[in-house]
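Please treat every number below as a calculation from the coordinates, not as lab data. On a predicted model such as this, the values are computed, not experimentally measured, just so you know. Methodologically, a virtual Cβ is constructed for each residue, glycine included, from the backbone with ideal geometry; neighbour enumeration extends over all protein chains shown.
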Amino acid sequence: MENNVGTQESQMPKKNFLLPILIVLVLIVAVLSVLLFQKNRNLPSAASTSNVENEVIEAPVQTGIAEGVFGLSTASQSASIGVPIVIVLKADSNGRGVVGYDAIVQYDVTAFTLGEVKSTVAGFTAIASSRKNYLEVTSFKDSASTVAPVFKDTDILTVTLTPLKAGVFNVDLLDEIESSNTKYIDSETKVYVPQVDDLTVTVK
């Protein structure tokens, strides 16, 4: 009997010693499981973001059908410092009725100050946005107007610039820049990209 009692007493400390070790091991396994779960959960999100970025980069840009002509002109290509000049945007829509258009005009902002931007087409409104190094004009047919005019060497817009210094300067009508481009829309909402012509102005 005494031997049995001694054996039980010697085993009791061993069991008490093993219990804290088991608890620590369980906690370690639990922490590792949580960390692995979070890592695996984040992986699909990163892969998804990468795929979206690749799709955006690889997506083709649809600009429209190449047709028509937009060009710039002025009454005289010679100008004087401080005397405003009127730049005219002319258009040919190749027989199509037009309900709206965008035009991108680039000029040297250190050589000219921008004045009035005005639609010369009856029933059209023009909205101009002056960017860092170019002018973006959006013009559209008023809802009250029922006719979609056909442009045939038609003056559709005027832009007034005042020369600040002497020199020879380009006033360019751009195909596109950044996310904007020169285009027009017909009565069937089809988009057309015209050929563009530029202008040179000599300031004395």
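For region 113-204, which GluC sites (Glu not before Pro) are in a loop by DSSP, counting at most 15 other Cβ atoms within 10 Å?
Values: sites: GLU116, GLU136, GLU176, GLU178, GLU188; in loops: GLU178, GLU188.
Passing sites in region 113-204 are GLU178, GLU188.
The string of couplings for region 116-126 from the Karplus curve (6.51, -1.76, 1.60, θ = phi - 60°) is 6, 10, 9, 6, 10, 9, 4, x, 10, 10, 10 Hz, one whole number per residue in order, with x for Gly and Pro. Based on the alpha-carbon gyration tensor of region 65-203 and its eigenvalue square roots a ≥ b ≥ c, which shape applies: rounded if a/c is under 1.5, prolate if not and a/b is larger than b/c, or oblate? It comes out prolate by the Cα gyration axes.
Scanning residues 5 or more positions from ALA79 or on other chains, those with amide H under 5 Å from its amide H are THR202, VAL203, LYS204, with H placed 1.01 Å from N in the peptide plane.
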